[in-house]
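Following: one structure in C-alpha cells, then a few remarks.
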Amino acid sequence: MSQKTSEIEVHSIEMPYVIVPFEGHHQRKEKLLEILDNSIAAQDAMDGSNLLSTDYHIADQHKGEYMDFIGEDLAKCLAAGLEKIVLHEDSDQDVELEIKDSWFQRYSKNNAHDWHIHKKCGWAAVYYVELPEDSKPTLFQTNDGAVIEPNATEGDVIIFPAYLWHCSPKNKDEDTKTVIALNIE
C-alpha cells in the first residue's frame, strides 16, 4: 500500500505587536522595585537564560504582592493594546483577557535570555520596569530570520503573539534591567 505525501508550504504574514505606555509607571516604579527586591526569587532559574534573578519557577501564591500592586491597571493596559491588534476600528466589542502567568526577570550586565516562544497561551507581554540606556528591549525573529527591534522604552508594555520567537539580548549597561513577563489568553 503506497502512501501519498505532500510538501508543506510555509507562508509568512506580517506579525502584529503593539507597544503601550503603562500609565502611572513613573509614580509606581520605586515601590514596584521595592516589592520585587523583597520577593522570593531564584538566580538563573530558566533554561536558555543568564539572569540576576527571576520568580519564574516560584509558586503563584508568592507572586501576589507585585501583581496586587499593578495587576488591575496592567490588565487595562493589556486590554487597550490587544484591542488595537484584534478588533477592527469600527468594532463595538470589548477584549476579554486572562493573565495566565506572570513573572519578573532581572538582568545585570551581560545577562541575557536566549530565543524562545511561549506555549499554551495566545499572547505574551513584557512590561519594562527598568530599561537602562545601553540595554535593548525584546528582539523578535520572523520566519525568514529577520530580527526586529521594537522601539520600546522604560515604562512601556509590548504585546505580541506568543508563538513569535523572541529573546532578551545581553544587557550591556551597568544598571539592572527589570521586566515583568506575562502569558495572556
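The values are calculated or read from the model by the stated rules, or taken from the named source; none is laboratory data. Keep in mind it's a predicted model, so treat the numbers as computed, not measured. We place every Cβ from the backbone using ideal geometry, glycine too, and count neighbours over all the protein chains shown.
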Would you be able to say whether some residue in the stretch 102-110 is on the phi > 0 side of the Ramachandran plot, in a loop (DSSP other than H, G, I, E, B) and surrounded by fewer than 19 Cβ atoms within 10 Å (Cβ to Cβ)? yes
Pair list, Cβ under 8 Å, 6 or more apart: the stretch 105-128 residue among the aliphatic types (A, V, I, L, M), other residue modelled with pLDDT under 90: ALA112/SER49; ALA112/ASN50
Residue under question is THR142, and the condition is that it be touching a His at 6+ places or on another chain (Cβ under 7 Å) and either surrounded by 18 or more Cβ atoms within 10 Å (Cβ to Cβ) or of a type outside the set (D, E, K, R) (or both); does it hold? no
Residue under evaluation LYS170, criteria (1) assigned to a loop (DSSP other than H, G, I, E, B); (2) surrounded by 15 or more Cβ atoms within 10 Å (Cβ to Cβ); (3) in contact with a Ser or Thr (Cβ under 8 Å, 6 or more places away or on another chain), criterion not met: (3)
Residue check: is ILE159 among the aliphatic types (A, V, I, L, M) and farther than 20 Å from LEU32 by Cα? yes
Hey, any hits in the stretch 21-32 for a residue that's at pLDDT 80 or above, assigned to a loop (DSSP other than H, G, I, E, B) and loosely packed, with under 10 Cβ neighbours inside 10 Å? no
Residues in the stretch 91-109: is at least one of a type in the set (Lys, Arg), modelled with pLDDT of 85 or more and touching a Ser or Thr at 6+ places or on another chain (Cβ under 7 Å)? yes
Residue check, LYS120 against (1) under 14 Å from the mean Cα position of the chain (by Cα); (2) at positive phi, all met but one. Which one? (1)
